[in-house]
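Taking it in order: structure first as C-alpha cells, then the write-up.
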Amino acid sequence: MEVVLNSYAKGGFGLILHRQHGFTEASRSPLFISYIERGSPSEKSGVLQVGDRVLAINDYCTANGTAEEANYILRKATSPLTLTVEFDVI
C-alpha cells in the first residue's frame, strides 16, 4: 500500500526505520518502522504503525539499502513523501 505524507512545517515526518537483528548480509531483513513520534505526520496519517515494513521511500527501494541510508532520505525528503508499506509484519 502507498501512504502519502506531508512534512511538518519545520521538515521531517516523525518516523525512524531499522532492520531486524540476526540477519546476515546475504539475507537482510526488510526495513521496518521502529518509532513514530507522537503528533507527527506519520502518526496523523492514521495508517502507519510501529512494525510496518517499508518497501520504498519515494523512488528509493529499501531492499538493498541500509537503515542509515533510508533514515537519511527521510530526513532530507520534502513533501509529499510516498512510502510503500506492508502492514503488521512484526
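Residues that are in a strand (DSSP E or B) and aromatic (Phe, Trp, Tyr) within segment 29-72 comprise PHE32, TYR35, TYR60, listed in sequence order. Candidates in segment 1-38 are the residues that are of a type in the set (Gly, Ala, Ser) and at pLDDT below 95; of these, the one that is nearest to PRO80 (Cα to Cα) is SER7. None of LEU81, LEU55, LEU48 is in contact (Cβ under 8 Å) with a residue 60 or more places away in the chain and surrounded by 14 or more Cβ atoms within 10 Å (Cβ to Cβ) except LEU81.
The values are calculated or read from the model by the stated rules, or taken from the named source; none is laboratory data. Given the structure is predicted, the values throughout are model-derived calculations rather than measurements. Every residue, glycine as well, gets a Cβ built from its backbone with ideal geometry; the counts of neighbours run over all protein chains shown.
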